[in-house]
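Visitor: Would you mind keeping the following structure in view while I ask a few things?
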Amino acid sequence: MAKNKQLRSARRAEAAAGKAQIVATAKFPTRFGRFTIYGIKGSGPADEAVAIQHGRLRRGKPVLVRIHSQCLTGDVFGSQRCDCRAQLEFSLRRIAKAPSGVVLYLAQEGRGIGLINKLRAYELQDRGLDTVEANRQLGFAADSRDYDFAAAALKALGANSVRLLSNNPEKVSQLEKNGVRVVERVPCQPPASKHSRAYLQTKKKKMGHLLRSV
Ligand SMILES: [Zn+2]
């Protein structure tokens, strides 16, 4: 117990030196398994994230990690326009079965453009644009997310070296640039629904996501 406390305070000190700090910790039983939930804050007003961790992280051992960007329509309502909830559940199952792992949940709705703009983009997609064209028509990049804070949050948890559940090579390179070592990219591709197939094909063709045939 004392050792845990010591480790936690060391991590808090380390994180304060970086850009993220653990500000709350609680037990978190879920239908996928038993986790610990962390509230993490950074220096910027938007730098807030939740992490749920399964098992104990060991120094020097790569941690199985999913970095998930918030998707209200998918994660909460079960939308099939995207594959977010399927990826989240796939990751939670994988991590709950592994000796240890982390899901870091970031408030970057709609690949960083916000919820209402995401709905505007859906409206444009209903008129025939794909997800990249729709975002551009609204004046945004295809993907406005960045992972600087995510990297700081992982370091705050002690996950300096990770096996990353992701299909997104940009996520891998941003983490590495920010000092988190990605020793392996673990594909995160649950079966696609017929509604999300076109969306996934656009992610593959236009955004370089590494997806098997969809
Ligand atoms: Zn989504």
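The values are calculated or read from the model by the stated rules, or taken from the named source; none is laboratory data. As the structure is a computational prediction, the values presented were derived from the model and not from experiment. As a convention, Cβ positions derive from the backbone with ideal geometry for all residues, glycine included, and neighbour counts pool all protein chains shown.
Visitor: Starting from the range 126-153, take each residue that is closer than 30 Å to residue 22 by Cα and list its partners that are among the hydroxyl-bearing types (Ser, Thr, Tyr), counting only C-beta distances under 8 angstrom and pairs at least six apart or across chains.
Guide: 145/69
Visitor: Here is a further query. Just a yes or no: is a residue in the range 144-158 within 16 Å of the ligand (Cβ to nearest atom), surrounded by 19 or more Cβ atoms within 10 Å (Cβ to Cβ) and in a helix (DSSP H, G or I)?
Guide: Among the residues of the range 144-158, not one is within 16 Å of the ligand (Cβ to nearest atom), surrounded by 19 or more Cβ atoms within 10 Å (Cβ to Cβ) and in a helix (DSSP H, G or I), which makes the answer no.
Visitor: Identify the residue in the range 58-92 that is near the ligand (Cβ under 10 Å from one of its atoms) and of a type in the set (Lys, Arg) and, among all such residues, is farthest from residue 40 (Cα to Cα).
Guide: 81
Visitor: Of everything in the range 82-93, what is among the basic types (Lys, Arg) and surrounded by fewer than 19 Cβ atoms within 10 Å (Cβ to Cβ)? Give them in sequence order.
Guide: Residue satisfying the conditions is 93 alone.
Visitor: Sticking with this structure for a sec: I want to confirm something. Restricting to the range 185-211 and keeping residues that are closer than 12 Å to residue 131 by Cα and of a type in the set (Gly, Ala, Ser), which single residue is modelled with the highest pLDDT?
Guide: Among residues in the range 185-211 that are closer than 12 Å to residue 131 by Cα and of a type in the set (Gly, Ala, Ser), the one modelled with the highest pLDDT is 198.
Visitor: Another question about this same structure. Condition test on residue 173, is it assigned to a loop (DSSP other than H, G, I, E, B) and either of a type in the set (Asp, Glu) or surrounded by fewer than 19 Cβ atoms within 10 Å (Cβ to Cβ) (or both)?
Guide: For residue 173, the condition - assigned to a loop (DSSP other than H, G, I, E, B) and either of a type in the set (Asp, Glu) or surrounded by fewer than 19 Cβ atoms within 10 Å (Cβ to Cβ) (or both) - is not met.
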